[in-house]
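Chemist: Dropping a structure here in structure tokens format, bear with me for questions.
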Amino acid sequence: MKRFRFTLQPVLEHRKRIEDEKQQVFAERRRDLDAAEAELRRLNDEFKANSDLLRSSHNELDGDALRRHYAHGQFLDRCIVAQITIVAERRVALDRARSELLEATKERKVVDKLKERRYEAHLASERTIEQNELDDGNARRYGRAAGGQP
């Protein structure tokens, strides 16, 4: 049986490398988004803790402490707004990386499917050749057997 050789193997390997690179970019964007969301949760928790502290001990704090707590609350609020923007930007980057990965996967699968089809055609061709050889051998054997009898 003749060995199968896919002539577009270098193209398939190149598309696999591109897909792997896009997978790494996607994973990096995912980590960036997760980190940004974790920071946003931390800021929200700190804001909530600061607000709870102000509500529970508002009467017990002096003027300077109240100013510091309110200023810190305003600072946290600005940080939260900025972090929401960062999270939104990272989501957009993740969506872009996802679409690029899907496109690279689709392009690789096209060549992969072509390889499968060519392999199936190769197997069918080999089976046809093998069947023809068997038929020829059987015909010669039948001819010798039939020719030897009166």
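No lab work stands behind these numbers, since they all come straight from the coordinates. Since the model is a prediction, treat every value here as computed from it, not as a measurement. Here the Cβ positions follow ideal geometry from the backbone for every residue, glycine too, while neighbour counts run over all protein chains shown.
Chemist: Along the positive direction of the dipole of region 9-108 (beta-carbon charges: Lys, Arg +1; Asp, Glu -1; about the Cα centre), which of Ala88, Ser56, Ala38 reaches farthest?
Modeler: Towards the positive end, the residue furthest out is Ala88.
Chemist: Something else about it: Roughly what angle does helix 9-57 make with the longest principal axis of the chain, taking Cα atoms, 0 to 90 degrees, to the nearest 10?
Modeler: The answer is roughly 20 degrees.
Chemist: Let me ask something else. What is the dipole size for region 9-108, taken about its Cα centre, with +1 at each Lys and Arg Cβ and -1 at each Asp and Glu Cβ, in debye to the nearest 20? Each step should come with its number before you reach the end.
Modeler: On the way: 20 positive and 21 negative charges, 70 e Å.
I would put it at about 340 debye.
Chemist: I would also like to ask the following. Pairs of lysines 8 or more apart, or on different chains, with alpha carbons under 18 Å: count those in the chain, would you? It would help to have the intermediate numbers written out before the result.
Modeler: Numbers: Lys2/Lys115; Lys16/Lys106; Lys16/Lys109; Lys16/Lys113; Lys16/Lys115; Lys22/Lys106; Lys22/Lys109; Lys106/Lys115.
Lysine pairs meeting the criterion: 8.
Chemist: Only Lys, Arg, Asp and Glu count, each charged at its Cβ (+1, +1, -1, -1), so figure out the dipole size of region 1-45 about its Cα centre, rounded to 20 debye.
Modeler: 620 debye
Chemist: Could you work out the longest stretch of the chain that avoids the trypsin sites (Lys or Arg not before Pro) located in DSSP loops with at most 16 other Cβ atoms within 10 Å?
Modeler: Working: sites that count: Lys2, Arg3, Arg5.
That gives 6-150 as the longest site-free run.
Chemist: Measure nothing but the geometry: give the 0 to 90° angle between the long axis through the Cα atoms of 63-148 and the longest principal axis through the Cα atoms of the chain, rounded to 10°.
Modeler: With both axes taken from Cα atoms, the answer is about 0 degrees.
Chemist: Now for a different question. Taking Cα pairs under 8 Å and at least six residues apart, what relative contact order does the chain come out at, in percent? Please report the intermediate quantities before stating the final value.
Modeler: On the way: 65 pairs, mean separation 67.0, N = 150.
That works out to 45 percent.
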